[in-house]
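Below: the structure, in structure tokens.
The values are calculated or read from the model by the stated rules, or taken from the named source; none is laboratory data. It should be emphasised that the depicted structure is a prediction, and the values quoted were computed from it without experimental measurement. Don't worry about glycine lacking a Cβ; one is built from the backbone with ideal geometry, like all the others, and counts go over all protein chains shown. When the accessible area is computed, the model is the full protein with side chains, heavy atoms only, and any ligands, DNA or RNA have been set aside. Shrake-Rupley method; radii C 1.70, N 1.55, O 1.52, S 1.80 Å.
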Amino acid sequence: MRNLLGVDFGTTSIKACLFNEKGERLETMSKQYKLITEGEFIEFPAQSFFDVFCEIFDNMTAKYKVDALSIDTQGETMIVLDKDGNPLMNAIIWLDNRAEKQAKEFEEHFGLKKVYELTGQAEVPAGYPAPKIMWLKENKPEIFSKADKFLLLEDYIIYKLTGKAEGSRSLYSSSLLMNIKTGEYIDEVLDYIGIDKSQLSVLRESGELVGEYKGVKITTSALDQIAGITGAGVVKEGIISETTGTALAVCAVTKDFPPFYDGLKVSAYYYKKGLYCLLMWAPTAGATLEWVKRTFCFDMDYDKMNELASNVNEGSDGLICIPHLCGTVMPVNNPKIHGSFFNIELKHERGHFIRSVMESVAYMIKEYIDYLNVPVNEIRSVGGGSKSKLWLKIKSAVTGKKVETLVESETACLGSAIFAGVGTGVYDSVESAADLLIAKKDVCEYSSENYKQLYLDYKKKEKEIFKAY
């Protein structure tokens, strides 16, 4: 029985799960770390990324036999190395916005239509690697001139483990450096920002064997979101995932690259040749419910909150929540938009507020599904929100789709473990591994005619909010 280690590098923590080849989780280890923030600069010592990885790796291999591993990471975090492979500065984290000026220049030079058709990205944020490289060239010429490699986090760890600068195409989807359709670097972009292919990683498919470290085989993984949908079994059309955690993320895969149109907000990410991942997200979902708990329901746990909400009628007796407590991103990008509750009456109690938040998140999921315009037969629900059977019922009723939960909750780590297994011959393909390993826990299929009108009522109020800002 071979053991596969899936490592998930988040923004402020690393988590590693060891699975046997049947997909049974044997062990979970994690460690948190704190970013360095100074104004718009958000950094972390590059070597420290490797140090926290080694701590997890050493502890895991001291307890278990590990045959192969794969590491999915946060996107867009960039690490600059000199010719000896040493970091020239702290890693620039994906949240860092220092390159706002350069991002605008990049967008103006290429135009959003061309940017999208080349890279799949519907916008040019300051946190993406291409503008960051431009910022270094302009503001830190002494570092730029010494830069031998510009790496992302996955390929930096792979480089430290194997001595090879190789990374996954899916991670480079949001670099603005890679052609989304061919999976190769864009010469025109490299010429514009002033670097050469030799300064970048060799691009690989997810689940390709790269090398070995202390007897453990190392393979490429993916962007953390794509590892997550892989571990949720979203590997073919007709299945989507919704993750209700602090934020909301809805992911789908499609063989057809969506055409550009003015106002397009959904970026396409590389999954594998001929298959794209479409991602929509909102900053607050579970965070809105947590705000209600902290403000109104501090004396109860989530089970009690679910109980109160289950005793409230569909539509929360007219109470409507607009859950955008931190602005909106998709399909309308406006950080100034505020959350609201409409139609509050004396009859409304805590259960009404709880249920109205749950309904509002379900409305966002429906809106995202409609906006993506892809076939959906079933929804895989992951994240903390999937623990609430009431919330699952509401999501099914609002979307009109079957909503399923999974036995394995650590889907990103499982996705990386699947890539490790594919790269070392344990599984024939990602699809066959998903069929073998991913087990459904509960299936919720609930219909209600009420929610057709209630959704329209919600959209009307949301539109009023959008107009106000």
### Query
To the nearest 500 deg cm²/dmol, what mean residue ellipticity at 222 nm is calculated for the chain from DSSP H runs of n ≥ 4 alone, each contributing -39,500 (n - 2.57), summed and divided by the residues?
-11000 deg cm²/dmol
### Accessible surface of the stretch 11-91, 1.4 Å probe, proportion on carbon and sulfur as whole %
44
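How many lysine pairs does the stretch 420-469 hold where the Cα atoms are under 28 Å apart and the two sit 8 or more places apart or on different chains?
7
What accessible area per residue comes out for the stretch 17-68, rounded to a whole number of Å², with a 1.4 Å probe?
Details: 2790 Å² over 52 residues.
With the other protein chains kept in place, the stretch 17-68 gives 54 Å² per residue.
Pop the C-beta distance of Lys101 and Asn311 into the FRET formula with R0 = 45 Å and round what comes out to the nearest 0.05.
Numbers: r = 54 Å, r/R0 = 1.19.
That gives a FRET efficiency of 0.25.
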### Query
Helix 450-468 versus the longest principal axis of the chain: what is the Cα-based angle in degrees, 0 to 90, to the nearest 10?
70
### Query
Using the per-residue mean of other Cβ atoms lying within 10 Å as a proxy for protection, in what order, highest first, do the peptides 404-415, 452-463 fall?
404-415, 452-463
### Pairwise centroid distance, computed over Cα atoms, of the stretch 64-82 with the stretch 165-190, Å
17
### Task
Give the shape of the stretch 145-270 as rounded, prolate or oblate, defined through the alpha-carbon gyration tensor: a ≥ b ≥ c are the square roots of its eigenvalues, a/c under 1.5 means rounded, and otherwise the shape is prolate if a/b is larger than b/c and oblate if not.
oblate
### Query
Of Asn377, Ala434, Leu456, which is farthest on the positive side of the dipole of the stretch 336-469, counting Cα position, with +1 on Lys and Arg Cβ, -1 on Asp and Glu Cβ, and the Cα centre as origin?
Leu456
### Query
Which residue, chosen from Ser409, Ser174, Gly351, occupies the Cα position most advanced towards the positive end of the dipole of the chain, where the dipole is computed from +1 (Lys, Arg) and -1 (Asp, Glu) charges on Cβ about the Cα centre?
Gly351
### Query
Peptides 313-322, 216-225, 294-303: what's the order by average Cβ count within 10 Å, highest mean first?
216-225, 313-322, 294-303
### Task
Report, for the stretch 244-328, the % of DSSP beta bridges that are antiparallel, rounded to 5.
95
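By average Cβ neighbour count within 10 Å, what is the ranking of 148-154, 230-236 from highest down?
Values: 148-154: 24.6, 230-236: 26.6.
So the order, starting with the most tightly packed, is 230-236, 148-154.
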### Summary
Carbon plus sulfur, as percent of the 1.4 Å-probe accessible area of the stretch 305-434, comes to 48
### Query
Counting Lys and Arg as +1 and Asp and Glu as -1, each charge on the Cβ, what is the dipole of the stretch 283-442 about the Cα centre in debye, to the nearest 20?
300
### Summary
Classified through the alpha carbon gyration tensor (a ≥ b ≥ c as square roots of its eigenvalues; rounded if a/c is under 1.5, else prolate when a/b is larger than b/c, else oblate), the stretch 95-194 comes out oblate
### Summary
Probe 1.4 Å, heavy atoms of protein chains only: per residue, the accessible area of the stretch 252-371 in Å² is 44
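Is the shape of the stretch 1-150 rounded, prolate or oblate, going by the alpha carbon gyration tensor and its root eigenvalues a ≥ b ≥ c, with a/c under 1.5 for rounded and a/b larger than b/c for prolate?
prolate
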### Task
Name the aspartates and glutamates eligible as straight-distance cross-link partners of Lys214: C-alpha to C-alpha under 17 Å, and not fewer than 8 places from it in the same chain.
Asp51, Glu55, Asp58, Asp67
### Task
Please report, in debye to the nearest 20, how large the charge dipole of the chain is about its Cα centre when each Lys and Arg carries +1 at its beta carbon and each Asp and Glu carries -1 there.
560
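Filter Lys114/Lys273; Lys113/Lys160; Lys31/Lys181; Lys181/Lys387 down to the pairs with a C-alpha to C-alpha distance above 30 Å, please.
From Lys114/Lys273; Lys113/Lys160; Lys31/Lys181; Lys181/Lys387, over 30 Å: Lys113/Lys160; Lys31/Lys181; Lys181/Lys387.
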### Candidate lysines - alpha carbon under 18 Å from Lys101, same-chain residues fewer than 8 apart omitted
Lys132, Lys137, Lys140
